[in-house]
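S.K.: First the structure, then my questions, so here it is.
The values are calculated or read from the model by the stated rules, or taken from the named source; none is laboratory data. The shown structure was predicted, so the numbers you read here are calculated from the model rather than taken from an experiment. Note that each Cβ is placed from the backbone with ideal geometry, even for glycine, and that neighbours are counted across all protein chains shown. Please note that ligands, DNA and RNA were not included when accessible areas were found on the heavy atoms of the full protein model with its side chains. Shrake-Rupley method; radii C 1.70, N 1.55, O 1.52, S 1.80 Å.
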Amino acid sequence: MTATEPDRTQQDVPPSSRRGTAAAWLTTTDHKRIALLTLGTALVLFVVVGLIALVVRAQLTLPDQHLVSNDLYNGLFTTHGSGMIYLVVTPIAIALGLYLVPLQVGAPAVAAPRLAMAGFWLYLAGTVLIFAGFATALGPAAGGWYAYPPLNSSRYLPGAGQSLWIAGVFLAVLGMIFQAGTVLWTALLKRARSVTLMRMPVFTWSTIATNLMVIGAFPSLLAAMALLGWGRVFPDIFTENLWNIAYQHLFWFFAHPVVYVMFFPFVGVVAEVLSTFAGRRFFGYRATVVSLLVFAAFSMSVWGHHMFSTGQASNDYYSLTSILLLVPAGVEYFGFLATLVGGHLRFTVPMLFAIAFVPQFLVGGLTGIMVATPVIDYQVTDSYFIVAHWHYTLAAGSLFGIFAAFHFWFPKATGLLLDERLGRWQFWLLVVGTNTTFLPMFWLGLAGMPRRLATYLPQDGFTTANVISSAGSVLIALSVIVTIANVVTSVRDRRRPAGDDPWQGLTLEWATASPPAPTNFDDQHPLPRIRSFTPLLDEREREEGEERTGDDPAAHGGLRSGGSS
Amino acid sequence: MSFLPIFRDIFWLEVAIAAGVFLVIAVLLAVTLYRRRAGAGRPASSRADNLPLEIGYAVGLLGVAIFLVVVTANANHRQEQVQQAARAAPDVARIDVTGFQWCWEFAHRDGPASETGTCAEDPATRPTLVVPAGRPVELRLTSRDVVHALWIPDLALKSDVYPDHTNVLATTFTEPGTWLGRCSEFCGTHHPTMEFWVRAVPEQEYQQYLASGGASV
Amino acid sequence: MTGPAVKADAPAHIVGLWATLNAALAGAIVLYVEPLFPLPLVLHLVGAALVTIFGVAVLVAGRRGGAGPQLRLPYRSVAALAGATVALLLALTWVFGLWVLALVPYPLLVAVVMVRRERLPVDATTQAGAPGTRSPVPVPVERPLTTPEVCARALEIHHAQQRRGRGEAT
C-alpha cells in the first residue's frame, strides 16, 4: 500500500465503496439489508394503507355521506385490511426477526440468504399485484381481507383487481414463508457455539414460536388462495356449500395463527425493551419461553372460533382451545409486570411504547376471551365490536410494539439516535389517538353497527361515536407525521451518533457496531463471553464486581444464568 | 326469547371479570411505574426467576380458564336446548328466509304469505318479517347467491346465511314489537342497505296476515 | 451439558414436542361434534405434519454437523430477483391471459439494446481520451509482482502435483 495513492489500494471483496450502490442493495445477501428492504417497504406501505384508512374514516364520520361510492369504499377497506395484515404487520413481524435473530445468536449471516432475498422480492411482487388493482377497469379487490367465496368468485366480483389480489396475496405470503423459514433455521441451527438454546434472548424465542406457526399454518393460505383462484376460473364450484366452508377452514387455519404471528414478535420486543430499561434480566425467562411455545402450539387449534356463526363448526372444541390460551398469555403478562416491579425504570421513548403496549393489548386480549365465547360471539361477530377488538390487538398492541422496536433498534440499524422530544410527541398523540379511535367502536358494535358498512343513516344513532372515532384517527395521522419528521431530521442532520450501545442493552446486537459490519461481528467487535440470555448485563456486572471486590461473581454462582453452563 | 338473556348474562359476567383484571393490572402497573422510576433511586433487582410463584400463578390461571370454559359451554348448550325445544314445539311457526343480493324474502309455511323487497336507499322499500308473538318461530335461512348473515341486533339474534345450506334460528318473540334487521356478513355493493323489519304481532293478526296472503297488517 | 450430540438435537426436540402437542390437539377434534368432520382434523394434521417435516430436517442437519454459525455467504442474489420476476409474470398470465407471456422476451430485447450500445464506433481509437475508452491504470498491490520466473515455478509445482496424483515418480 502506498501512501500517495490511498484510493487505489486493494480492497476487500465486495469493496466497501461498492456496498452503497443500488445494485449492491438489490442483490444483497446480508440479512440486515434484506430485512431493512422488507421493513422499509412495509413502513412505506403502512403510511399508504393508513391514508386509505383515513378516507374510510372520513366517509364514516357523518351519516349518509357519499365521498366515495360503495364499490370504491369496499375496495378501500379491503385494501386497508389486507394491506395491513399481509403487507405491513406480518412482514414487519417476520423481517424484524430476520434483522435481529442472527445478531442475537451471534451468527455472521442468516441461513440461506438468497431464499430470504427471494422472499423479499416475492413480497414486493405481491404488493405490486395487489395495488395494481387500482389501475384496472373495475377497481381494486373489494371482497374483504378474508375474501369469502362465493362473493369472491368471478361471478359476483368479476374485476381483474380481484384476481390480482388473490395472486398478490399468494406471492406475498409465499415470500413470508421463505423469510420465516430462514430465520427459524438460523435460530435453531446457526447459533454461535456459546449461545445455547437457553441463552437466546426472549425476542429470539418469540421468533421461533412465530416462525413455527408460519411453517405450520401459512401453507394453508396458499391452498385457500389456490382454491379461490380455481373459483375465479370455474365459479360453479362455489355453488356447493362444501367448498364454501372448506375455504373458510383453509383460510382461518392460516388466519388465526397469523394473528399471533403479528403479536408474538412484539411480545419479544416488549420483553427486551422492558428488561433493558428496567436494567435487569427478564423475570420468568424460562416460564415465558415455555408459554410462548405452548401458546403457539395451541394457536393452531383455535381457528374455528371465527366460524361460530356459520352454524357449521364445533363450538365447544374451538371455544375450549381459545379460552385456554389465557393461561400462556397470562404467564407472559406476569413476566412483563414482574420485570417492571423489580426494575430501575428509565422512561425512554421505546420504553413508553412498550409500557403502553401492556394495558392496551390487554383490552384486546380480554375482549378476545369474550369473542371466543359462542353466545357472545353470535351477537358481536361481524359488528364493530370485532373491529374494535382486533384494532386493540393490532393497532393499540402490535403497532405500539412496532414503534417500540423502531425507536429501540433504529440507532442500531442506522447509527443515529432519534429525537426524544419528537418521540414523546409521537407517543402521546398515538396513545390518545388510538384509544379515541377504537374505544367508541366497542359501543358502535353493541349498538348494532355491522362492519364493512359504506354508510349509515342518521336515525341509526351511530353518529356521535363515529365522529369521536374519526377525530381520533386525525391524531393518529398527526403522530405518524411527527414520526416521519423525526426520522427525516435525524437522518438529514446526522447530529446524534448513537454509538454501539446507546441504551445499555443486554443482548448481543449491542456488542457490535451501529450499523453492524457485513458479517455482524469482526475483529473490532468480537463476540463477548456468553453465559446467559443477557451477556452484556453479565459483563457489566462482572466489571462492577471486579471494581468493587476484585472478584468475578459469575465464577461462584453469583449470577443466575438460564443456561446449563 | 332465548338469545338476549343468555347473551346478557354471559356478556356482563365476562365484562365484570375483564374489568377486574384490567383494573388490577393497570393499578399494579401505575404503582410500579411510580415506585420504581429511576428517580426514586431503587436499584434493579438481580432476581431472574421465582418458579414456585410462576407455577402457582399458572395453575391459578388454568382454574380461571376452566371456569370460563365450563360457563361458556353451559351457556352454549342451554341456548342449543332452547332452540331444540322451540323447533320441536307443536305450534312452531316455520318461515323460510332467503337472502339474495341485496334483499330478503320471507315465505311463511303456514299460509300462502310471502314478502320481499328491493332494499333501496328509501327505507320504505325494505321488506317486513311478520312473526307471531308468544309462540316459537323457526327461521330457516338460506341464500340464493353469496354468504349473508341475518342479524337483529336488539334481540341478539344472528346466523350466517349460506347458499346450498340451511341454518336454523329458533326463538320465541315474547312481546309484540318492531325491530330492525340487518345483513351483517359483507355481501357486495349494496350490503349497507340490505335491511328488513321484524314485526312481532298478536296471534290473531298473524293469522289475518297469513290469510290475506301477505297483505300488510 | 451431556455431550455435543444431544445438544445439536435439542432444537429438533422443540419442534418435535410442538408437533406432538399439535397432533394431540388435532386428535381431540374427534371427541367433538364437528359438522364437516374429517376436514378440520385433516387440516390440523397436515399443519402438524409440515412442522414435523421441518423438525426432521433440523434433526438431520444437526446430526450431520450442520449446527453452528453459517460460514459460507453467497456474494450476490440475482436469482432471487429473477425467480420473483418469473412468479410475477406467471401471476399476471393467470389474471390477464397467455398474451402476458409475450413479455418474456423483454429482458432479451433489453440485452440486445445494451450490447449494441457497448459497441465502439468505427473511428474510435485506442488512445487515452478517445471516446468510450480509458487508458489502463496499474493497480498497486502489496504482494510482489508476478514475474515470468514465478509463473514458471508455479507451473512446475503444478505439474509435479499432477504426476504425483497419477502415481508417477517425481
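S.K.: Return yes when residue A:165 is in a loop (DSSP other than H, G, I, E, B) and more than 18 Å from residue C:15 (Cα to Cα) and no when it is not.
M.R.: Working: in a loop (DSSP other than H, G, I, E, B): no; more than 18 Å from residue C:15 (Cα to Cα): yes.
Considered against the rule, which asks whether it is in a loop (DSSP other than H, G, I, E, B) and more than 18 Å from residue C:15 (Cα to Cα), residue A:165 comes out as no.
S.K.: Among the residues of the stretch B:48-58, is any touching a Lys or Arg at 6+ places or on another chain (Cβ under 6 Å) and either open to solvent by less than 80 Å² (accessible area, probe 1.4 Å) or modelled with pLDDT under 90 (or both)? Steps first, please.
M.R.: Keep residues of the stretch B:48-58 that are touching a Lys or Arg at 6+ places or on another chain (Cβ under 6 Å), which gives B:48.
This time we only want the ones that are either open to solvent by less than 80 Å² (accessible area, probe 1.4 Å) or modelled with pLDDT under 90 (or both), so: B:48.
Yes, the stretch B:48-58 contains a residue that is touching a Lys or Arg at 6+ places or on another chain (Cβ under 6 Å) and either open to solvent by less than 80 Å² (accessible area, probe 1.4 Å) or modelled with pLDDT under 90 (or both).
S.K.: If you don't mind, another one. Looking only at the stretch A:123-145, which residues are open to solvent by less than 10 Å² (accessible area, probe 1.4 Å) and not in a helix (DSSP H, G or I)?
M.R.: A:141, A:143, A:144
S.K.: Now for a separate question. Which one of these does residue B:85 not meet: (1) among the small types (Gly, Ala, Ser); (2) over 30 Å from residue A:347 (Cα atoms); (3) open to solvent by less than 60 Å² (accessible area, probe 1.4 Å)?
M.R.: Only one criterion is unmet by residue B:85, namely (3).
S.K.: How many of the residues in the stretch A:237-270 are in contact with an Asp or Glu (Cβ under 8 Å, 6 or more places away or on another chain) and open to solvent by less than 10 Å² (accessible area, probe 1.4 Å)?
M.R.: 2
S.K.: Next question. Name the single residue that is nearest to the chain's Cα centre (by Cα) among those in the stretch A:431-446 being open to solvent by less than 40 Å² (accessible area, probe 1.4 Å) and within 14 Å of chain B (Cβ to nearest Cβ).
M.R.: So, considering only residues that are open to solvent by less than 40 Å² (accessible area, probe 1.4 Å) and within 14 Å of chain B (Cβ to nearest Cβ), the one nearest to the chain's Cα centre (by Cα) is A:431.
S.K.: Filter the stretch C:50-68 for residues that are assigned to a helix (DSSP H, G or I) and more than 8 Å from chain A (Cβ to nearest Cβ); which is least open to solvent (accessible area, probe 1.4 Å)? Full working, then the answer.
M.R.: So in the stretch C:50-68, the residues assigned to a helix (DSSP H, G or I) come out as C:50-63.
Narrowing the set further to residues that are more than 8 Å from chain A (Cβ to nearest Cβ) leaves C:52-53, C:55-57, C:59-60, C:63.
Working: C:52: 65, C:53: 113, C:55: 8, C:56: 80, C:57: 41, C:59: 49, C:60: 64, C:63: 164 Å².
If we take residues in the stretch C:50-68 being assigned to a helix (DSSP H, G or I) and more than 8 Å from chain A (Cβ to nearest Cβ), then C:55 is least open to solvent (accessible area, probe 1.4 Å).
S.K.: In the stretch A:322-332, how many are open to solvent by less than 20 Å² (accessible area, probe 1.4 Å) and either under 19 Å from the mean Cα position of the chain (by Cα) or among the polar types (S, T, N, Q) (or both)?
M.R.: Matching residues across the stretch A:322-332 total 2.
S.K.: Moving on. Specify which of the listed residues (B:148, B:191) is open to solvent by less than 10 Å² (accessible area, probe 1.4 Å), in contact with an Asp or Glu (Cβ under 7 Å, 6 or more places away or on another chain) and closer than 20 Å to residue A:144 by Cβ. Break it down stepwise before answering.
M.R.: Working: B:191 fails: in contact with an Asp or Glu (Cβ under 7 Å, 6 or more places away or on another chain).
Being open to solvent by less than 10 Å² (accessible area, probe 1.4 Å), in contact with an Asp or Glu (Cβ under 7 Å, 6 or more places away or on another chain) and closer than 20 Å to residue A:144 by Cβ holds for just one of B:148, B:191, which is B:148.
S.K.: Give the residues of the stretch B:1-56 that are in a helix (DSSP H, G or I), touching a residue at least 12 places away in the same chain (Cβ under 8 Å), in contact with a strand residue (DSSP E or B) (Cβ under 9 Å, 6 or more places away or on another chain) and more than 8 Å from every other protein chain (Cβ to nearest Cβ), sorted by residue number.
M.R.: B:4
S.K.: Quick one: in the stretch C:69-98, of everything that is more than 8 Å from every other protein chain (Cβ to nearest Cβ) and at pLDDT below 80, which residue is nearest to the chain's Cα centre (by Cα)? Working first, answer last.
M.R.: Going through the stretch C:69-98, the residues more than 8 Å from every other protein chain (Cβ to nearest Cβ) turn out to be C:72, C:82, C:86, C:89-90, C:93, C:97-98.
Restricting the remaining residues to those that are at pLDDT below 80 gives C:72, C:98.
Values: C:72: 11, C:98: 30 Å.
My answer is C:72.
This table checks each residue for (1) assigned to a helix (DSSP H, G or I); (2) more than 14 Å from chain B (Cβ to nearest Cβ); (3) at pLDDT 95 or above; (4) on the phi < 0 side of the Ramachandran plot.
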position: A:448; (1), (2), (3), (4): no, no, no, no
position: A:455; (1), (2), (3), (4): no, no, no, yes
position: A:467; (1), (2), (3), (4): yes, yes, yes, yes
position: A:477; (1), (2), (3), (4): yes, yes, yes, yes
position: A:482; (1), (2), (3), (4): yes, yes, yes, yes
position: A:486; (1), (2), (3), (4): yes, yes, yes, yes
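S.K.: Another question, if that's okay. Residue C:46 fails exactly one of the following numbered conditions: (1) out of contact with any Gly (no Cβ under 8 Å at 6 or more places or on another chain); (2) open to solvent by less than 60 Å² (accessible area, probe 1.4 Å); (3) among the aliphatic types (A, V, I, L, M). What is the number of that condition?
M.R.: Condition not satisfied by residue C:46: (2).
S.K.: Here's a follow-up. Check the stretch A:93-113 and report whether any residue there is in a loop (DSSP other than H, G, I, E, B), within 30 Å of residue A:457 (Cβ to Cβ) and either touching a His at 6+ places or on another chain (Cβ under 7 Å) or facing another protein chain (nearest Cβ under 9 Å) (or both). Give the steps one after another, and end with the answer.
M.R.: Initially, the stretch A:93-113 is screened for residues in a loop (DSSP other than H, G, I, E, B), giving A:105-112.
Next cut, within 30 Å of residue A:457 (Cβ to Cβ) only: none.
Checking the stretch A:93-113: not a single residue is in a loop (DSSP other than H, G, I, E, B), within 30 Å of residue A:457 (Cβ to Cβ) and either touching a His at 6+ places or on another chain (Cβ under 7 Å) or facing another protein chain (nearest Cβ under 9 Å) (or both).
S.K.: To continue, here is another question. Go through the stretch A:147-181 and give me each residue that's more than 10 Å from chain C (Cβ to nearest Cβ) and of a type in the set (Ser, Thr, Tyr).
M.R.: Within the stretch A:147-181, A:148, A:153, A:154, A:156 meet the criteria.
S.K.: Among the residues of the stretch B:194-209, count how many are aromatic (Phe, Trp, Tyr) and farther than 17 Å from residue B:94 by Cβ. It would help to see each step written out before you state the result.
M.R.: Start the filter on the stretch B:194-209 by keeping residues that are aromatic (Phe, Trp, Tyr), which leaves B:196-197, B:206, B:209.
Subset that is farther than 17 Å from residue B:94 by Cβ: B:196-197.
Within the stretch B:194-209, residues that are aromatic (Phe, Trp, Tyr) and farther than 17 Å from residue B:94 by Cβ number 2.
S.K.: Of the conditions (1) more than 17 Å from the chain's Cα centre (by Cα); (2) open to solvent by less than 10 Å² (accessible area, probe 1.4 Å); (3) within 12 Å of chain C (Cβ to nearest Cβ), residue A:201 fails just one. Which one is it?
M.R.: (3)
S.K.: Whether any residue in the stretch A:49-56 is of a type outside the set (A, V, I, L, M, F, W, C), open to solvent by 30 Å² or more (accessible area, probe 1.4 Å) and under 30 Å from residue A:478 (Cβ atoms) is what I want to check. Let's see the steps before the verdict.
M.R.: As a first pass, look at the stretch A:49-56 and keep what is of a type outside the set (A, V, I, L, M, F, W, C): A:50.
Those still in the list that are open to solvent by 30 Å² or more (accessible area, probe 1.4 Å) too: none.
No - not one qualifying residue is present in the stretch A:49-56.
S.K.: For residue C:16, work out the one condition from (1) open to solvent by less than 60 Å² (accessible area, probe 1.4 Å); (2) within 7 Å of chain A (Cβ to nearest Cβ); (3) over 15 Å from residue A:181 (Cβ atoms); (4) out of contact with any Asp or Glu (no Cβ under 8 Å at 6 or more places or on another chain) it doesn't fulfil.
M.R.: (2)
S.K.: Next up: Looking at A:512, A:507, A:519, which is the one that is touching a residue at least 12 places away in the same chain (Cβ under 8 Å), under 19 Å from residue A:107 (Cα atoms) and touching a strand residue (DSSP E or B) at 6+ places or on another chain (Cβ under 9 Å)? I'd like the intermediate steps shown before the answer.
M.R.: On the way: A:507 fails: touching a strand residue (DSSP E or B) at 6+ places or on another chain (Cβ under 9 Å); A:519 fails: touching a strand residue (DSSP E or B) at 6+ places or on another chain (Cβ under 9 Å).
Residue meeting the stated conditions: A:512.
S.K.: For the stretch B:34-47, check the following and say yes or no: at least one residue is open to solvent by less than 20 Å² (accessible area, probe 1.4 Å) and closer than 16 Å to residue A:341 by Cβ. Show your work before the answer.
M.R.: Here is the first cut: in the stretch B:34-47, the residues open to solvent by less than 20 Å² (accessible area, probe 1.4 Å) are none.
Within the stretch B:34-47, not a single residue is open to solvent by less than 20 Å² (accessible area, probe 1.4 Å) and closer than 16 Å to residue A:341 by Cβ.
S.K.: Return the pairs, sorted by first residue and then second, in which the second residue is assigned to a loop (DSSP other than H, G, I, E, B), the first residue lies in the stretch B:87-107 and is over 23 Å from residue B:164 (Cα atoms), the beta carbons are less than 7 Å apart, and the residues are 6+ apart or on different chains.
M.R.: Short answer, once both residue conditions are applied: B:91/B:135.
S.K.: For a quick check of your reading: which helices (runs of 4 or more DSSP H) sit entirely within the stretch A:290-392 and have at least 2 residues that are facing chain B (nearest Cβ under 9 Å) and among the polar types (S, T, N, Q)?
M.R.: Values: elements: A:315-324, A:326-341, A:349-371, A:374-380.
The qualifying helices (runs of 4 or more DSSP H) are A:315-324.
S.K.: Across the stretch A:244-289, what is the number of residues that are away from chain B (no Cβ under 12 Å) and in contact (Cβ under 8 Å) with a residue 24 or more places away in the chain? Lay out the reasoning, then the answer.
M.R.: Of the stretch A:244-289, the ones away from chain B (no Cβ under 12 Å) are A:246, A:249-273.
Right, trim to in contact (Cβ under 8 Å) with a residue 24 or more places away in the chain and you get A:249-273.
Total satisfying the criteria: 25.
S.K.: Consider residue B:79 carefully, then state whether it is facing another protein chain (nearest Cβ under 10 Å) and in contact with a Gly (Cβ under 7 Å, 6 or more places away or on another chain). Reasoning before the result, please.
M.R.: Details: facing another protein chain (nearest Cβ under 10 Å): yes; in contact with a Gly (Cβ under 7 Å, 6 or more places away or on another chain): no.
Considered against the rule, which asks whether it is facing another protein chain (nearest Cβ under 10 Å) and in contact with a Gly (Cβ under 7 Å, 6 or more places away or on another chain), residue B:79 comes out as no.
S.K.: On to the next question. Would you confirm, using the coordinates I've provided, whether residue A:62 is farther than 17 Å from residue A:126 by Cα and more than 22 Å from the chain's Cα centre (by Cα)? So that I can check it myself, show each step before the final result.
M.R.: Values: farther than 17 Å from residue A:126 by Cα: yes; more than 22 Å from the chain's Cα centre (by Cα): yes.
Considered against the rule, which asks whether it is farther than 17 Å from residue A:126 by Cα and more than 22 Å from the chain's Cα centre (by Cα), residue A:62 comes out as yes.
S.K.: Let me ask something else about it. For the structure I just gave you, tell me whether residue C:124 is surrounded by 11 or more Cβ atoms within 10 Å (Cβ to Cβ) and either modelled with pLDDT of 85 or more or of a type in the set (D, E, K, R) (or both).
M.R.: Taking the combined requirement at face value, the residue does not satisfy it.
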